[in-house]
1. Can you compute the FRET efficiency between A:ASN240 and A:MET97 using 1/(1 + (r/R0)^6), with r the Cβ-Cβ distance and R0 = 25 Å? Round to the nearest 0.05.
2. Can you list which of the chymotrypsin sites (Phe, Trp or Tyr not before Pro) found in region B:229-298 are DSSP loop residues with at most 10 other C-beta atoms within 10 Å?
3. If amide hydrogens are placed 1.01 Å from N in the peptide plane, which non-local residues have theirs closer than 5 Å to the one on B:ASN249?
4. How big is the accessible area of B:ILE244 in square angstrom, nearest 10, if you roll a 1.4 angstrom probe over the protein chains?
5. Could you order B:ASP192, B:ASP164 so the one with the most accessible surface comes first? Probe is 1.4 Å.
6. Roughly how tilted is helix B:165-178, in degrees to the nearest 10 and between 0 and 90, from the longest Cα axis of chain B?
7. With the crude spin-label approximation of a point 7 Å out along Cα→Cβ, what separation in nm comes out for A:LEU247 versus B:SER132?
8. Can you give the Rg and Dmax of region A:70-146 based on its C-alpha atoms, in angstrom?
Amino acid sequence: MTQNAPSTFNNMLLIAGFECRKFLFNLRGIIALIAFALVWGMLLLYPIQGASTLLMQPNIKDLIDGLLGNQALNVLFDWPVAEMAIFWCFALYLFPMFSILIAADQFSSDKTRGTLRFYTIRTSKDSLLFGRFLGQILIQGLLILLTILATIALALTRDIGLLLPALTSGALVGVNLVIVILPFTAVMTLLSLYANTARQAMVLATILWTVVSIALLILGNQSSLFEGLQWILPGAQLSNMVNTNGLNSFVYAPIPLLQTAFALFLGRVYIQRSQL
Amino acid sequence: MILIQCQGLSKHYGSKKALNNVNLTLESGAPIALVGPNGAGKTTLFSLLCGYLTPSAGTVRILGEAPNSPALLGQIAALPQDATLDPNLTIISQLSFFARLQGMDSKQANQEALRVLNLVDLAEVAQQKPPSLSHGMSKRVAIAQALIGSPKLVLLDEPTAGLDPANAKKIRELVRTLSPSTTFVISSHNLDELEKLCDQVLYLDKGELGQSISMRSSNSGSDYLTLTMESCDSEALIQAVGQIAGVVNITSKQAHVFVIQLDDTANRHYEFETALLTLFKQQHWQYKMLLKGRTLEETLFS
């Protein structure tokens with residue numbers, strides 16, 4: 001049998017591609033995709049379309065400044081495409097939640113039924129870990145792309161002249177959202193290695209975020225020295241990112257990138273030591 | 001060629017010693033049997049060889065490499081106990097993906113997946129998903145995955161457990177056919193099956209390697225015969241056979257099965273067999289089987 005020696009990098013790409021195929025070409029993935037499309041369809045048609053119309057009212061900025069202060073959401077009015085501004089506010093919080101849901105079963109089910117043993121005898125644990133993580137990012141990247149295209153289409157139905165600014169904003173929003181979901185997916189990679197089911201991984205994620213948030217809040221109140229610790233939790237930068245747009249949003253990119261690197265490092269240590 | 005080498009291999013689960021100071025060296029060639037009672041440590045030993053588990057102490061070398069070494073990927077394969085394929089994907093898509101991970105291109109991988117499914121007579125289920133298969137078919141598909149890429153070493157943990165006799169026989173034939181190019185290590189409770197397939201037998205008990213027997217050498221120039229009778233008066237048979245020249249001892253631990261020990265000069269020209277058949281004729285006793293040597297069961301547990 002002619003065959004080339006498998007390399008970790010090639011196998012990582014193969015595994016990532018296979019994860020995408022698994023999601024897109026089986027019934028569960030298609031159902032998830034339909035549910036996702038319906039949720040975003042509703043969001044685009046009602047809250048996003050409605051809020052973007054509201055955003056273009058001349059006196060709404062004064063109203064928001066009056067309610068939340070003049071620095072809270074002032075950048076929202078600087079977006080060239082109102083629909084993209086509202087999409088940004090929703091997507092910034094919804095995609096991390098989708099990420100936790102979608103990426104919860106990266107390893108847990110396969111580990112429980114022993115399927116991972118068929119893999120580890122053929123490929124390195126590194127290619128398995130990073131391949132599945134990359135696959136999840138590709139799937140979520142695709143979902144982000146689809147929602148951005150739908151938002152652009154929504155903006156164009158109002159004004160066809162918005163094509164160029166909508167494409168530019170859409171590209172920046174897309175890259176930012178992918179960076180935002182990275183640490184959430186990486187934490188789910190780690191949790192799904194430990195958990196026996198996807199549901200257990202989601203429960204662990206809920207406990208993790210709740211307990212760590214409370215702990216950070218208590219520590220932050222005890223001493224200002226602990227305030228910096230808030231950045232260890234994925235999503236800590238989201239409230240600050242809402243009031244940014246365009247390239248300015250990238251100011252916060254190092255935080256999720258470092259969180260991702262740390263979570264994947266822990267995942268790598270865990271998978272190398274774990275008894276699959 | 002040394003295939004597997006274990007030195008001082010131990011695995012503990014908390015205070016329980018699943019495997020304790022196992023030393024063994026296995027060479028490539030005929031299939032090797034791993035036997036032992038439940039909880040003896042067979043699956044633990046398999047898992048250590050495959051790199052699924054890390055040893056608590058000692059070393060394992062397979063083809064000179066540590067388990068999980070990149071050099072071994074695709075060189076060894078296993079039928080892990082109770083492992084199942086992803087229920088959401090077709091069998092062909094999973095097997096061809098495994099082949100791709102072993103370095104084959106897409107077309108080769110597809111052909112290889114079909115080849116191994118053909119080996120276990122299951123090419124017709126290629127497009128089905130695992131939940132639609134019976135237990136026996138799932139087991140055969142799992143055996144098929146272990147044969148992808150013709151690895152040098154295949155570890156089969158209870159390969160025929162749950163298979164009907166006809167399919168169990170097919171798997172035995174398959175192992176026999178592939179043995180010249182692949183060394184199989186087979187764990188099973190079916191001693192008859194192992195006897196038919198394997199030469200070297202490793203006996204594990206309570207995590208320790210009790211015996212390592214070569215069936216061929218233990219039976220070559222053998223001083224033992226195993227006699228199975230249709231029906232007879234056991235007492236009378238033992239007495240009558242015991243009087244034939246050259247018989248050192250005759251024992252019976254199972255109904256109608258007798259192990260006869262001969263002195264080493266007694267059986268050079270079939271004098272004993274001739275005398276035995278003459279005795280049967282005189283007594284009108286019907287025999288079922290006369291086996292040179294002892295069965296694996298007798299060898300291990302006598």
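The values are calculated or read from the model by the stated rules, or taken from the named source; none is laboratory data. Treat the numbers as computed from the prediction; the structure is a model and nothing was measured. As a convention, Cβ positions derive from the backbone with ideal geometry for all residues, glycine included, and neighbour counts pool all protein chains shown. Ligands, DNA and RNA are excluded from the accessible area calculation, which covers all protein heavy atoms including side chains. Shrake-Rupley method; radii C 1.70, N 1.55, O 1.52, S 1.80 Å.
1. 0.85
2. Answer by residue number: B:TYR270.
3. B:GLN261
4. Rounded to the nearest 10, the figure is 30 Å².
5. B:ASP192, B:ASP164
6. Taking Cα atoms only, the helix is inclined about 80 degrees.
7. Distance between the two pseudo-spin positions: 5.5 nm.
8. Rg and Dmax of region A:70-146, Cα atoms, are 18.5, 59 Å.
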